[in-house]
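Novice: Just passing along the structure, written as structure tokens.
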Amino acid sequence: MTAASRSSWRDRGAAFVQDGRMSALGWDGLVGFLETAVFGGLLFEGSFLDDAAGFRRFCPMSTPVYLESGNGLLKLSTGVNGGTIDFAVVPAPVWEAYGEDWGDMDKVGVLDVGYTYFGEQLEAQCLQVRCAIDNESGPQRGVIRLAEMTFSGGQRVLFDPGWPAGIRVEANKRLEDGLLFDGRLPVDLTFRTWTRLRSESADHPCRPRAVPSSP
């Protein structure tokens, strides 16, 4: 990425936030975006730091996370109190991990780990999204407990905001893997699912029973 393009990304992200145009997606808005989006990258905000050993290290932040598409970036960030995910669509990274000081930083950038999760699938559609909704969140506000997405290359990715540092992104994991406690799922939980082939959404109550973890 050139200095000019990096500056453009920074300026567009800042303007988007300052204009107040960034708002959380509700469930219908999220599904509407996924129906047409083709993803090619999974991005983390970060910055370059010079350490004592003389290495120039790039240190990514774990929230927000962006899914990059030609329709914009699908932004996943932890909720105000942590433990939940907010969805939004932005034209460029908003650098919220750095607070109000990001504009003074000359070394911010993004880390693209899309290859790690999408493999050789350069253009991946979301075939299914499953969200865990509990009593602290609600699908119409776009705030959920966990999100699991399955992409057209067969890759399944879990976005877990329960990690203290931000959002843990894990490949080949299911919602159940992130919710199990002492071998059981929480009782006050609902799974909401959208499937591309069916072009429909459905809610399913979580059963308070032991669920084996996926291998």
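The values are calculated or read from the model by the stated rules, or taken from the named source; none is laboratory data. Keep in mind that what you see is a predicted model, and the values were worked out from it rather than measured. Ideal geometry is used to build each Cβ from the backbone, glycine not excepted, and the neighbour counts take in all protein chains shown. These accessible areas exclude ligands, DNA and RNA; they are computed on the full protein's heavy atoms, side chains included. Shrake-Rupley method; radii C 1.70, N 1.55, O 1.52, S 1.80 Å.
Novice: In nm, to one decimal, how far is the modelled label at Tyr115 from the one at Phe55, with both set 7 Å along Cα→Cβ?
Specialist: Roughly 1.9 nm, to one decimal.
Novice: Once you have the Cα-Cα distance between Gln128 and Phe48, take 0.36 nm times their residue separation minus that, and quote the gain in nm to one decimal.
Specialist: Additional length available on full extension: 25.3 nm.
Novice: Given the protein chains as shown and a 1.4 Å probe, how many square angstrom of Trp194 are accessible, to the nearest 10?
Specialist: Counting only protein heavy atoms, Trp194 exposes about 10 Å² to solvent.
Novice: On to the next question. Within 10 Å, count the other beta carbons around each residue, average over each peptide in 83-91, 58-66, and list them highest first.
Specialist: Ranked by mean Cβ neighbours within 10 Å, highest first: 83-91, 58-66.
Novice: In addition: By its C-alpha gyration tensor, with a ≥ b ≥ c as the square roots of the eigenvalues, how is region 27-88 shaped: rounded for a/c under 1.5, else prolate for a/b larger than b/c, else oblate? Each step should come with its number before you reach the end.
Specialist: On the way: a/c = 5.39, a/b = 1.84, b/c = 2.92.
It comes out oblate by the Cα gyration axes.
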